[in-house]
Each structure stands twice: as C-alpha cells, then as structure tokens.
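A.B. asks: Here's a structure for you.
The values are calculated or read from the model by the stated rules, or taken from the named source; none is laboratory data. Source: prediction; values computed, not measured. All Cβ positions, even for glycine, are placed from backbone atoms using ideal geometry, and neighbour counts span all protein chains on display. These area figures cover heavy atoms from the full protein model, side chains too; ligands, DNA and RNA do not enter into them. Shrake-Rupley method; radii C 1.70, N 1.55, O 1.52, S 1.80 Å.
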Amino acid sequence: MGAVCTLLLAISLLPLAQATVYDAELPEGLMHGPDLCAHAACKDVMPQATRFSQRMGSPQYVQAFGRAAGAAANSAEQVIGYVFLSTDVVDIPAYSGKPVITLIGMDTKGIITGVRVLKHSEPILLAGIPEKALLDFIGQYIGQRGDAKLEIGRGGDGSVGLDAISGATVTAIAENQVISRSAYEIGRQVGIFTTAARPPARFTAIDERLNWRKLQDEGAIGRLVIPAAEVGVDPADGDYIDVYFGYLNTPTIGKSVLGEQGYQRLMQDLKPDEHAIFLIARGQTSFKGSGFVRGGIYDRLQVRQDPQSFTFRDTDYLNLYHVEPADVPQFKESAIFIIRSAGFNPAWPWTLNILANKRDANGVKSFARYDQAYWLPERYLEGGHPVVVTAKPAWQLIWQGQWWQITVFVLLLAATALLYSQRDRLVRASTRRHKPWISRPRLAIWLISVGFVGFYLKAQPSITQVMTWVHSLLHQWRWELFLSDPFIFLSWWFIIITVLVWGRGFFCGWLCPFGSLQHLMLKLGAVIGLKRYQGLLPKRWHDRLKWVKYGVFFALLAVSLVSMETAEHLAEIEPFKTTFLVGVWNRSWPFWIFIGGILLLSLFSERPYCKYICPLGAGLALPGRFRLFGLKRKAECSTCHACAAGCGSHAIDSAGRIDQTECMLCLDCMVMYYDDHACPPLVQERKRRSNAGQALTRIGADGYFVSLDSLRNSLHESQRPARPQQGGDGA
C-alpha cells in the first residue's frame, strides 16, 4: 500500500509544461478580417517588409512591400513577398482533429521566409513533448521552396527529408501538409509556380435521356451529405444539408436534368469558357448561405479544381425552376451556378466545397469545409479521362516508407496470436516445474516488445489515443488521422479483436511493451539474487487496490470531455510516453522518480503498475468481459487453492473462480490443469490408480483422466467387425 501511495505522490509532483499557443484565443479580425497584419505579427515571417496590404485573392493572402536588397534608401517600395494564414488556404486537421493555425511568409522567388504557429490544439505537445519541438520542426521550412517536395523522414527521389517531432509524428505530418500546400497554392495563384496548360475538353456526340438513378449510377450526379451531428446541430430535424450536383454543358446530362428547352436556353446564354453546374438540396441550412447580400459572394459554396478555386457572385446565379427526371429526390432549394473562367476544365476532376458553421460540445463555433469529388463520366469526353497523377496521401507514403518494419510488426502479432491459439497443446507438453514451450517463446516476445516495439517503433498504445478517438467520434472522424501511425493503427485493431476473443490479458500479458518491461525486471530480480524477497501484496489489499485503475480510467475520460488539455496533463500517470516516446533522460526528476519507482517495485513484485494504476488496462478489461474464450476450471477448483497460491496476477478468488479482467493469461494454472503431479485432483487419481495397479490413461479436455470404462468401450468399438454393405452388383 505504501509503495502504491509513493507512486501516486510522485505522479502528483509531475510538472506541467506551460503552453504558449495551445488553444490561444485568436481575434475575429485575424481569422476573417480584411487587415490580417493588424492582428498577426506578419513581420515575424517577412522580416524585410516595411508594410503589408489588405487581404486579397482566393485563397486569400497579403502582399508584403519593401525595398529590394541593396537598393537605395529613397528607392520606391515594391512587392517583396506574400504572407498568408494557413486556414485561409487549407483545412487539414492534426492529431487533435483541429488544424494547426500557421502564419507563413514567402518571397517573390517562392522561398519560404518564415513560419509561425499562432494556435494549436495538440495536447501531446503539452506534457512530455514541449512546444519547442514544434518550433524546431517548423524552422526546417525556412529557406525551402514552396513547390519543393517536402516529406517527413528520409528524402529521396527529388524530395527533401524533414525531421519529425519525436512522439508526435501525426502532428508533424499534418503541419507539413499545411505549410507545403499553403505555400504552393499561394505561389500558384500569384504566378510564382506554373504548370503545363491542360488541353481543352471535347465532348462526345452522345445525346441520351436518362432518369435520375442512371445519372447517379454512372457518376454524372454527385452527392454531398453533411449529417447534423457532424456540425453539432439537432439531428431530429434531418441532415444539416444534403446536396446533389452535376455538370450541365454536356447534352445528355443537361437535357436529362433541364429538359430540351431548358438546356437550349442555358447553352444560348453561356459564353465560351463558361460552365454551368446545378445544385438541388434539402436539410436544415441553405447552400446559398444566410448572410448573402446582393452584389456579394455565396460564401458557403465553392468549386475547386487544383490549383484553383472558384467562388460565385449573384451574377453567377440562375434560378432552377424545374428538374426534369420523374424520380428526382425531394428537395427544398435548387439553382444553377456559372463558372466564368478559362481556367476551369471539365475534363479534369473537381470538387464541390461547402463551408459549414460547426459547433463543438462546448458550444464553440468554428468553420469546417466539406467536399465531394466529381469527375465527368469518361464516355462524355473524347478520348476518355486524361491521365491525372495525384499525390499520394501522406499516410500512404508513411506505410510505404516503413514497409519492412510493418512486415516484422505484423509477423510478431500473428506469431504471438498463433502461439497462444495453440495453448492447449503447449500446456499439455509442459509441467509446473518445466514449461519451456511457454516460458521461452514468451520471454522472446517480451524482449522484442520492449526493444523493437517500444523503444524502436515507439508503438506503445496509450489511454491518450482512447481519449482522442472518443473526441473524434463526438466531433469529426478522419481515418487518415489514425492511419498516419501504422503501428498504433495495427496495434489497436489487433487489441480490439484479441480482447473480444481472449480478453485483456493477451495483449497486457504478452505484448504490451511496458508490461513486458516490468516482467523482465521481475526476471532480472530473480537472476541477481532477489528471488527470496519477491512476492505479492496480500489478496485482501489487492482486491481493494485493483479498482484504482478503473477510477483513473473513468476520471481521465470524464476530464477529457471538459478539457483535453487537462486530461493530457493527467495522462502522465501513464509512464509510456516518458519511457518510450520521449526518454527518461529528456524529462525532469519527478519523472525519473516515477519510472524508477515502478521498475524498482517490479524487481520484487509482478507488474505492480498493470495491476493497480494502468488506465489502459482498465479500459481493455471492460470489453474483455464479453470475450469468447476463457480459461478452464474444474469442479474441485472451488475448494482447491493450488492455482491461486501461484497466480502472479492474484486473479483467482477463494472460490476458485478466475477474474478474467485481471488475468494476464500466463497459463500457469492451465499447465497445472493437465499436470498429474501438480493438480491435487489428478494427483489423487494417479495415486489411486497406481496403488490399484490400473493403467494411467490420457487426460481429457475436461482435465481428468479418461475413465477406463470409456476407454474399453472405444476399444471394443474399434475391434468390432464392420457390417456387410447392403445391395451391390449381385452374386
């Protein structure tokens, strides 16, 4: 009890890192006002500038004015670069599910001159991983070209490699995309970066009349649905918005949707290089936006075709009074919008973007962009679809770059699961005093888990990931966020499956890196002569203290719903980050005491942290109650305490029942279950048969010697002559 209290006291002394820009309150003028640099330190990212313009362009940026290097003091000012806010250009969530709001400067040659993080919501950068790590990371971009291929990790094939943030790889990947894409798109807009012109689209002569279903099936009509829960409004009133849309210039789509006369009128009004798209929608909001005024912009609606974005004014809007197909879904509003630009090419894919006013669980509003890709079916294009080379998502590049580590990791998981699935054979081939088929493979797995999985891959699952998933489910789920760390992603799928099949003990007892480290310390204690001092807490104390970890789990989960920042601080009760992600040598003395105390106790007692504090273990134990397979018991187990006396997990009670939520599946009790020199009921039966001169039969799956009568019956059955078959081909 005193040791546990010491650990809890050490945890309470952990210093909390002081964040400077975590969830900083940014003024509305900075986010949306015309004068960006009145609210942001633009000079920090463009030091040579003397003044800055108002916001301009789409996406927005500001011009930086100054004098060219070496120019006379009285020379005229000129544009020397551009400053832009990342959220004006891209909307890429980081680990928290929210974007890292970044101010970026770039000169007229396309060189990044400065980067400054104004706000982030990454709790992992609060405790253990200081914000300085993020500042050091973004410093790598200064001097890089905005159109350079910047990748996390080792460079190659024309790419520039960047050092990641140790322990916060997902954050680094997201911020890399934010900076790279923002710089590139602003550079494209102002003419610094150019690409080859796209050949104009030429339509085939296909002229058919299709109903709504066929148009949807072939991809001529796209659909974008934003559920109400996604933006924090009442789902009882239906989706936030449900939009159908499509391209109208081709005869088949245009005539099928508008009818012959409607299509002809539209085409007569369109000028060369003008393109019409239609939208019909239903839901709780309008795609036109509630703040639209005559002469203004439809601020919720945008069409994007990389690298350009197209917005719509009131002059680009046409009424859509009638939709021709009889099977068109019900809708509340409809419209035709005209894209007036030679830069739009219908032969290439594009996306419809809708900006939504999102409200989180605390009622705080923010803007979120939702998009749906659209590509005109290739049968309407002469020559079909052009070849489009799209950049692979960052998570795919990570998986490809770590293919051999992933292969080894998957083989480790598969081999461990295969080994445990053969537990019945392994325990039958073992005895209480000699069980090499279990102890040796498990020792090897522990060593690999600590060295390869823990210290090398840094793939220790954590309660912080559980909290992040809960928040993602409540707010916005993005698969790419979790795919960015392949080892954690694979670990959790493996954990989910095995917990439901075998319970918590399989991962916690066999594969958890920190759990394995504790057990290796216990082995070390025995080797260095401490075995006679090793032991367990009295069972009565264990049965009280085991509930502490459940209290820690629910407390962390509850606090995270109120403040993720506070929950992340409190999650330092897990030693995983210090041990594997950051390193004890990078932390202050309270962390040394905490980790050292756990490992010191582990020399004398089996897995003290797992039993009494670990919130992750508690979280896995709860679904583990619904596992498919448990360990075997006999009727005599209710009075026999042989297994309980040797259970290092204290998981067997006075009635012989195994608490599967506490059991680490060491299989010692299963070895005894079949060992006729250790299990008291089997020992008695073996002695009785030996004294009576009876044969010792094999031990059945029920844990008892097979009875002699059943053995005789089966023998007689096998010796009985086979009955002649009826019928045949005659005599």
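A.B. asks: In a helix (DSSP H, G or I), open to solvent by 60 Å² or more (accessible area, probe 1.4 Å) and over 21 Å from ALA459 (Cβ atoms): which single residue out of TRP541, TRP585 fits that description?
C.D. replies: The unique qualifying residue is TRP541.
A.B. asks: Inside region 399-434, can you point out the residues that are touching a Leu at 6+ places or on another chain (Cβ under 8 Å) and more than 30 Å from LEU481 (Cα to Cα)?
C.D. replies: LEU419, TYR420, ARG423, LEU426, VAL427, listed by residue number.
A.B. asks: Related question: Would you check which residues across region 238-257 are part of a helix (DSSP H, G or I) and either open to solvent by 60 Å² or more (accessible area, probe 1.4 Å) or under 20 Å from LYS288 (Cβ atoms) (or both) and list them? So that I can check it myself, show each step before the final result.
C.D. replies: Going through region 238-257, the residues part of a helix (DSSP H, G or I) turn out to be 251-257.
Passing the criteria: only VAL257.
A.B. asks: Helices (runs of 4 or more DSSP H) wholly in region 1-89 with at least 2 residues that are within 30 Å of ARG544 (Cβ to Cβ), open to solvent by 50 Å² or more (accessible area, probe 1.4 Å) and at pLDDT below 90 - which ones?
C.D. replies: 2-12
A.B. asks: Looking at region 224-237, which of its residues are within 13 Å of THR285 (Cβ to Cβ), under 26 Å from the mean Cα position of the chain (by Cα) and assigned to a helix (DSSP H, G or I)? Give the derivation first.
C.D. replies: If we filter region 224-237 for residues that are within 13 Å of THR285 (Cβ to Cβ), which is where we start, we get 224-228, 230-234, 237.
If we keep only those that are under 26 Å from the mean Cα position of the chain (by Cα) as well, we get 224-228, 230-233.
Residues satisfying the conditions are ALA228, GLU230, VAL231.
A.B. asks: Evaluate the following for LEU355: is it in a strand (DSSP E or B), open to solvent by 20 Å² or more (accessible area, probe 1.4 Å), more than 25 Å from VAL90 (Cβ to Cβ) and of a type outside the set (Val, Ile, Thr)?
C.D. replies: Values: in a strand (DSSP E or B): yes; open to solvent by 20 Å² or more (accessible area, probe 1.4 Å): yes; more than 25 Å from VAL90 (Cβ to Cβ): no; of a type outside the set (Val, Ile, Thr): yes.
Judged against the criteria, LEU355 is not a match.
A.B. asks: Follow-up question, since we're still on this one. Determine whether region 496-506 contains at least one residue that is touching a Pro at 6+ places or on another chain (Cβ under 6 Å) and either within 20 Å of LEU667 (Cα to Cα) or open to solvent by less than 10 Å² (accessible area, probe 1.4 Å) (or both).
C.D. replies: Going through region 496-506, the residues touching a Pro at 6+ places or on another chain (Cβ under 6 Å) turn out to be 499.
Those still in the list that are either within 20 Å of LEU667 (Cα to Cα) or open to solvent by less than 10 Å² (accessible area, probe 1.4 Å) (or both) too: 499.
Within region 496-506, one or more residues are touching a Pro at 6+ places or on another chain (Cβ under 6 Å) and either within 20 Å of LEU667 (Cα to Cα) or open to solvent by less than 10 Å² (accessible area, probe 1.4 Å) (or both).
A.B. asks: Continuing with the same structure: Tell me which residues, restricted to region 371-404, are at pLDDT below 90, open to solvent by 80 Å² or more (accessible area, probe 1.4 Å) and among the hydrophobic types (A, V, I, L, M, F, W, C).
C.D. replies: Scanning region 371-404 gives VAL387, VAL389, ALA391.
A.B. asks: If you don't mind, another one. In region 415-469, what residues are free of Cβ contacts under 8 Å to residues at least 40 places away in the same chain, part of a helix (DSSP H, G or I), among the aliphatic types (A, V, I, L, M) and surrounded by fewer than 19 Cβ atoms within 10 Å (Cβ to Cβ)?
C.D. replies: ALA415, LEU418, LEU419, ALA444
A.B. asks: Moving on to the next point. Step by step: first the residues of region 201-210, then only those that are surrounded by 14 or more Cβ atoms within 10 Å (Cβ to Cβ) and either of a type in the set (S, T, N, Q) or in a loop (DSSP other than H, G, I, E, B) (or both), then the one that is farthest from the chain's Cα centre (by Cα). Which residue is that?
C.D. replies: THR204
So that you can scan it fast, the table gives a plain yes or no per residue for (1) more than 27 Å from VAL501 (Cα to Cα); (2) within 31 Å of the chain's Cα centre (by Cα); (3) at pLDDT below 90:
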| site | (1), (2), (3) |
| --- | --- |
| LEU556 | no, yes, no |
| ILE573 | yes, yes, no |
| TRP589 | yes, no, yes |
| ILE593 | yes, no, no |
| GLU606 | no, no, no |
| LEU616 | no, yes, no |
| ALA635 | no, no, yes |
| ARG657 | no, no, no |
| LEU665 | no, yes, no |
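A.B. asks: Hey, can you tell me all the residues within region 314-328 that are open to solvent by less than 50 Å² (accessible area, probe 1.4 Å) and under 18 Å from ILE297 (Cβ atoms)?
C.D. replies: ASP314, ASP316, TYR317
A.B. asks: More than 27 Å from LYS577 (Cβ to Cβ) and in contact with a helix residue (DSSP H, G or I) (Cβ under 8 Å, 6 or more places away or on another chain): which single residue out of LEU536, LEU511, LEU530, LEU520 fits that description?
C.D. replies: The conditions single out LEU536.
A.B. asks: Would you mind telling me which numbered condition in (1) over 30 Å from LYS358 (Cα atoms); (2) touching an Asp or Glu at 6+ places or on another chain (Cβ under 8 Å) GLN284 fails?
C.D. replies: (1)
A.B. asks: Right, here's the next one. Kindly indicate which of LEU620, LEU631, LEU665 is surrounded by 19 or more Cβ atoms within 10 Å (Cβ to Cβ) and at positive phi.
C.D. replies: Step by step, each of LEU620, LEU631, LEU665 is checked, and only LEU665 is surrounded by 19 or more Cβ atoms within 10 Å (Cβ to Cβ) and at positive phi.
A.B. asks: Would you point out which residue out of LEU474, LEU481 is surrounded by fewer than 16 Cβ atoms within 10 Å (Cβ to Cβ), modelled with pLDDT under 95 and of a type in the set (A, V, I, L, M)? Can you show your working first?
C.D. replies: On the way: LEU481 fails: surrounded by fewer than 16 Cβ atoms within 10 Å (Cβ to Cβ).
Going through LEU474, LEU481 in turn, just one is surrounded by fewer than 16 Cβ atoms within 10 Å (Cβ to Cβ), modelled with pLDDT under 95 and of a type in the set (A, V, I, L, M): LEU474.
A.B. asks: Follow-up. Residue pairs, Cβ under 9 Å, 6 or more apart or interchain, first in region 682-696 and hydrophobic (A, V, I, L, M, F, W, C), second open to solvent by 50 Å² or more (accessible area, probe 1.4 Å). List them.
C.D. replies: Within 9 Å, the pairs are LEU682/TYR704; VAL683/HIS677; ALA695/LEU711; LEU696/SER690.
A.B. asks: Considering only residues that are open to solvent by less than 30 Å² (accessible area, probe 1.4 Å) and out of contact with any helix residue (DSSP H, G or I) (no Cβ under 6 Å at 6 or more places or on another chain), which ones fall in region 220-237? Talk me through it step by step, then tell me what you get.
C.D. replies: Of region 220-237, the ones open to solvent by less than 30 Å² (accessible area, probe 1.4 Å) are 220-222, 224, 226, 228, 231.
Selection gives GLY222, LEU224, ILE226, VAL231.
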